[in-house]
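Remarks on the structure that follows.
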Amino acid sequence: MLFNSYEFILGFLPVVALAFFLLGRTSRVWALRWLMLSSLFFYAWWRPLNVAIIVPAILINYGLALAILRANRGNDSRSARLFLVLGIVFNVAFLGYFKYANFAATVSNDVFGTDFVLSQIILPLGISFITFQKIAFLIDVHGRRIERISFEDFCLFVLFFPQLIAGPIVHYREMQPQFHRLTCAADRENLSVGLTLFLFGLFKKLFLADGIAPLVSSIYDQAAAAGTMSLLPAWMAAVGFTLQIYFDFSGYTDMALGSARIFGIRLPPNFDSPLRASSIIEFWSRWHMTLTRFLTAYVYNPLLLWLTRRRLARGRPGYGKKPTAGAFVELLVLPTLLTMFLSGVWHGAGYLFVVWGVLHGVFIVVNHAWRHAAPAWWTVRTAYTRPIGMAITLLCVVVSMVIFRAQSPAVATELIGGMFGLNGIALPEPIYRALRPLAPLLQQAGITSGLGFDLAFSRLAVWIVFLSAIALLMPNTLRLLRWHEPAVSWEPAPGDRSPAWQPSVAWAVIVAAVGAAGLSRLAAPSEFLYWQF
């Protein structure tokens, strides 16, 4: 069941919320149990077999967590570490089978010439998000950051439906205190903020992301079929898909935050206008923020600590303000590339996802190197450096998104080659005619008039300008709702003067118009990009 469906909007969400508030009047315990059982129903809606897959995994993880707790209480660090390792291995193997078994067979066939037959394995809903949450949970139990757990608390933490499909990746210690404090009663602020978030997210997903999606897909399909793409359409495909996935993910994140807030739960922020980042490091602190948080806390930092200790044990310097070349490579390049490799693999089972992740790792390494080598004027003249940094970051993100979206390495190579003019430059007929006095120079530069100025081309150009203006200039929903803590620990930025949502007739009209625009496209074709991550 997707958030942008009739079943969810007109059936599941209102029924679950109404019953939750009614039960909360007499029994808070049964209200929470209703929420847990409803979440299980939500998970089973698309494919009932999902329940038979997820329930044993929940039971095994809960049992391992109890074993780690007992070992911690008995100061048996060896057993606690053993149970933690077993839990991580189980969860990685669980994810690996469902998501990467076919990819592993493909790699083996390609590299070693084996003849493994690919089987049809259907991914359980949100398996990557759930797996990362359970791994983080076991690590936190082992680290004594979680001292007590109950089976119902654990099930509610894992199954809470707003974060099941596309995150955010939540932590037990930031969610369970909220469930324990819930009054399970309808609250005017929670309902209004939650509905506002949900309707804005629905608008982003159905009206903005799905509005540009068919126009973008047609160019990628054309590149796959024809094998040639000149500069202008290649750039439109790259920028168009960047904006499509931006509003798709942003919209679904808002719908998740809004659905949870209706029940009085605040999820962590996961998306904060990443296209306005002035560096690739800042981009990853704004894009899929909870994934960045997980990879930093549970992959990058432990690896960096281990490498630093090993390096110091050999009598070599650590990573200081001016690191040596060896320290830079060993303590920054290696853990960064490995972490971003895992990020690419997490996003999808395919060669292009791996390339995409490693490429972003290279971008981050270059960003860190520039921070060490940048001249003084770069850090002083922020009025000039930030726009330059934004342009460079946006260029890197747009080029990498071609790799993320392309159907095959050949299509990705073709489109990126087209973006850099390797397939020639074709202008629309009206533009070429307007430049006719410069025809000799255009011909010498290899610029032709072979690009038809059809309706689809015009519409895509308008969509790109429209969506770019929203993404780069308008405040996001978290900032609009900043006085109402729309996400965990989200507070107004100092000096933020962007318009803020407050209960009023004007805002009610705006929210109603946005919601109506989104609801009007419920029956239209919709492509959700993150649902099987």
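Check cross-link reach from Lys204 to the lysines: straight Cα distance under 16 Å, and skip same-chain residues fewer than eight apart.
In chain and number order, there are no partners.
Counting only protein heavy atoms and using a 1.4 Å probe, what share of the accessible area of the chain belongs to carbon plus sulfur, as a whole percent?
The C+S portion of the solvent-accessible surface of the chain is 67 percent.
Would you calculate the volume per residue, in Å³, of the smallest convex hull containing every Cα atom of segment 1-115?
Residue-normalised Cα hull volume stands at 155 Å³.
As I understand it, the value is the acute angle between the Cα axis of helix 77-95 and the longest principal axis of the Cα atoms of the chain; what does it come to in degrees, rounded to 10?
50
Got a sec to turn the phi values of segment 160-175 into Karplus ³J(HN,Hα) couplings, 6.51 cos²θ - 1.76 cosθ + 1.60 with θ = phi - 60°, whole Hz, x for Gly and Pro?
Using θ = phi - 60°, the values come out as 3, 4, x, 9, 6, 7, 9, x, x, 7, 9, 10, 4, 6, 9, 9 Hz.
Only Lys, Arg, Asp and Glu count, each charged at its Cβ (+1, +1, -1, -1), so figure out the dipole size of segment 127-193 about its Cα centre, rounded to 20 debye.
So the dipole magnitude of segment 127-193 works out to roughly 160 debye.
Stretched out fully, how many nm does the piece from Leu49 to Trp306 gain, at 0.36 nm a residue minus the Cα gap?
Using 0.36 nm per residue and subtracting the Cα-Cα distance, I get 88.4 nm.
As I understand it, the value is the acute angle between the Cα axis of helix 210-226 and the longest principal axis of the Cα atoms of the chain; what does it come to in degrees, rounded to 10?
Here the helix axis deviates by roughly 60 degrees.
Tyr319's amide H: which non-local residues (gap 5+, or another chain) put their own amide H closer than 5 Å, with H modeled 1.01 Å from N in plane and none for Pro or chain starts?
Amide H to amide H, under 5 Å and 5 or more residues apart or across chains, Tyr319 pairs with nothing.
Just want the answer: with Cβ charges of +1 for Lys and Arg and -1 for Asp and Glu, which residue in Asn301, Gln178, Leu427 is farthest toward the dipole's positive end in the chain?
Of the listed residues, the answer is Asn301.
Could you give the dipole magnitude of segment 475-533 about its Cα centre, charging the beta-carbon of Lys and Arg +1 and that of Asp and Glu -1, in debye to the nearest 20?
Taking the Cα centre of segment 475-533 as origin, the dipole is about 140 debye.
Among Gly24, Ala223, Ser489, whose Cα sits farthest toward the positive end of the charge dipole of the chain (+1 at Cβ of Lys/Arg, -1 at Cβ of Asp/Glu, about the Cα centre)?
Projecting each Cα onto the dipole axis, the largest value belongs to Ser489.
Which angle between 0 and 90 degrees, to the nearest 10, do you get for helix 13-26 versus the longest principal axis of the chain when only C-alpha atoms count?
20
Once amide H atoms are built 1.01 Å from N in the peptide plane, which residues 5 or more positions from Phe271, or in another chain, come under 5 Å H to H?
Under 5 Å from the amide H of Phe271 lie the amide H atoms of Met289, each far enough along the sequence or on another chain.
Show me 70-78, 157-165 ranked by packing, highest mean number of other Cβ atoms within 10 Å first.
Those peptides, ordered most packed to least, come out 157-165, 70-78.
Would you mind pulling out the separation of the Cα centroids of segment 182-252 and segment 455-533, in Å?
With segment 182-252 and segment 455-533 each reduced to a Cα centre, they are spaced 11 Å.
Where does each of Arg188, Arg261 land when they are ordered by accessible area, with a 1.4 Å probe and the largest first?
Sorted by accessible area, descending: Arg188, Arg261.
Between Leu427 and residues 5 or more places away or on another chain, which pairs have amide H atoms under 5 Å apart, with H built 1.01 Å from N, and which residues are they?
Amide H to amide H, under 5 Å and 5 or more residues apart or across chains, Leu427 pairs with Thr448, Ser449, Gly450, Leu451.
Which residue, Leu522, Ala376, Ser278, has the largest displacement toward the positive end of the dipole of the chain when charges sit on each Cβ (Lys, Arg +1; Asp, Glu -1)?
Selected residue: Ala376.
Explain nothing, just compute: Karplus ³J(HN,Hα) = 6.51 cos²θ - 1.76 cosθ + 1.60, θ = phi - 60°, for every residue of segment 318-323 in order, whole Hz, x for Gly and Pro.
These are the phi-based 3J(HN,Hα) values: x, 9, x, 5, 10, x Hz.
Calculate the dipole size of the chain relative to its Cα centre from +1 charges on Lys and Arg beta carbons and -1 charges on Asp and Glu beta carbons; express the result in debye to the nearest 20.
1720
For labels at Arg28 and Arg188 in the simple 7 Å Cα→Cβ model, what's the distance in nm?
About 2.3 nm, to one decimal.
The values are calculated or read from the model by the stated rules, or taken from the named source; none is laboratory data. Predicted model, so just to flag it, every value in this text is computed and none were measured. Note that each Cβ is placed from the backbone with ideal geometry, even for glycine, and that neighbours are counted across all protein chains shown. Ligands, DNA and RNA are excluded from the accessible area calculation, which covers all protein heavy atoms including side chains. Shrake-Rupley method; radii C 1.70, N 1.55, O 1.52, S 1.80 Å.
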